[in-house]
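Working notes, structure below.
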């Protein structure tokens, strides 16, 4: 059983408090404006190995660290897929990076799951969690938006419904607002929000 499913309710609720922030407040490794750490050789559900470099140079890249068992990650998958579909024609690409530690997080199961769910975003498998560690990601789902040069322009959560198990109307679509501002040539009003979700199972 993954360790995040054993977290006491109080700990989970503590992770799920949301608040806007100045850049770098919640991430211990990176700040908005920093160059994103480079990576390569990460296997994807498309049968290829990928590097960050191939996604740069053409618009914005949304990296989302996720898994297949965290209720927060599962609860926002449909909204993330819709973001992928809505912004694909505007120069935005969504790349999900799986960092889970259960059998359902292994690549063959990911390939099957994406097909069954009808998800069209690319999913990569960071089994060692080295990419997540380089970005200072702490929870799933956690978002990093990169510009064409590979600089971080937004990081944090997807919206204000990530932590609610039953979901509901999104009042604050943080990721969408950030993308809209960036595509309009503006700096997002919020460039960092508190990431919400389940703890990434790093090996100490």
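Things worth noting here:
- Prolate/oblate/rounded call for the stretch 100-143, Cα gyration tensor, a/c under 1.5 rounded: prolate
- Taking the stretch 3-199 and dividing mean pair separation by its residue count, relative contact order in percent (alpha carbons under 8 Å, at least six apart): 31 percent
- Segment residue 109-residue 187, length gained on full extension (0.36 nm per residue, minus Cα span): 24.2 nm
- Identified option (computed volume of the Cα convex hull per residue in Å³; candidates (1) 106; (2) 118; (3) 137): (2)
- Shape call, the stretch 57-170: gyration tensor on alpha carbons, a/c limit 1.5: rounded
- The alpha carbon gyration tensor of the stretch 127-204 gives principal lengths a ≥ b ≥ c with a/c of 1.5 or higher and a/b no greater than b/c, which makes the shape oblate.
- Rounded to the nearest 500, the helix-only mean residue ellipticity at 222 nm of the chain stands at -6500 deg cm²/dmol, with each DSSP H run of n ≥ 4 adding -39,500 (n - 2.57).
- Relative contact order, whole percent, for the stretch 132-185 stands at 23, derived from Cα pairs under 8 Å and 6 or more residues apart.
No lab work stands behind these numbers, since they all come straight from the coordinates. Fair warning: this is a prediction, and the values are worked out from it, not measured in the lab.
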